[in-house]
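Heads up: the structure comes next, in structure tokens.
The values are calculated or read from the model by the stated rules, or taken from the named source; none is laboratory data. Nothing here was measured: the structure is a model prediction, and the numbers come from that model. With ideal geometry, Cβ positions are generated from the backbone for all residues, glycine too; neighbour counts draw on all protein chains shown. Accessible surface is based on the protein model in full, side chains and every heavy atom, while ligands, DNA and RNA are left aside. Shrake-Rupley method; radii C 1.70, N 1.55, O 1.52, S 1.80 Å.
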Amino acid sequence: MSRFQMGDMVFAAHDLYNESLEETGESSIPGVEPDALLAAAGTRGVVVNVGHAQEMPNEEIYLVRFEIDADGTLAEPIGCLSDELSGLN
């Protein structure tokens with residue numbers, strides 16, 4: 001069973017950055033600078049989907065939209081691993 005479900009409120013467990021791809025050094029998220037901060041530790045977000053990558057069939061990936069301002073505006077979704085998120089409990 002998934003640690004988090006769609007619609008769950010989560011928080012960034014630590015600063016999340018747009019990692020550069022080892023093969024090319026390019027951004028793993030197109031249009032965002034490599035190593036740019038995507039969500040600071042403690043930033044609130046919502047899980048919008050849960051899935052797996054072909055390369056990691058036993059590891060769940062959570063698609064999360066984090067808040068980007070005090071009004072609760074949500075950023076574009078980013079993929080997060082379980083250890084990159086914390087929940088309310």
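Return the total of residues in the stretch 1-13 being open to solvent by 70 Å² or more (accessible area, probe 1.4 Å) and within 23 Å of L74 (Cβ to Cβ).
Residues flagged as open to solvent by 70 Å² or more (accessible area, probe 1.4 Å) and within 23 Å of L74 (Cβ to Cβ) within the stretch 1-13 amount to 4.
Which of the residues that make up the stretch 28-79 are more than 16 Å from M9 (Cβ to Cβ) and of a type in the set (G, A, S)?
Across the stretch 28-79, the qualifying residues are S28, G31, A36, A40, G51, A53, A70, G79.
Answer yes if at least one residue in the stretch 65-77 is at pLDDT below 95 and touching a His at 6+ places or on another chain (Cβ under 9 Å), and no otherwise.
No, the conditions are met nowhere in the stretch 65-77.
Among what's in the stretch 54-67 and is touching a residue at least 24 places away in the same chain (Cβ under 8 Å) and more than 10 Å from the chain's Cα centre (by Cα), pick the residue that is nearest to L16 (Cα to Cα).
Among those that are touching a residue at least 24 places away in the same chain (Cβ under 8 Å) and more than 10 Å from the chain's Cα centre (by Cα), it is E67.
If you scan the stretch 14-40, which residues turn out to be over 13 Å from G79 (Cα atoms), open to solvent by less than 50 Å² (accessible area, probe 1.4 Å) and at pLDDT 95 or above?
Correct list: A40 only.
Can you pull out every residue in the stretch 68-78 that is without any contact (Cβ under 8 Å) to a residue 24 or more places away in the chain and under 12 Å from V47 (Cβ atoms)?
Answer for the stretch 68-78, where residues must be without any contact (Cβ under 8 Å) to a residue 24 or more places away in the chain and under 12 Å from V47 (Cβ atoms): there is none.
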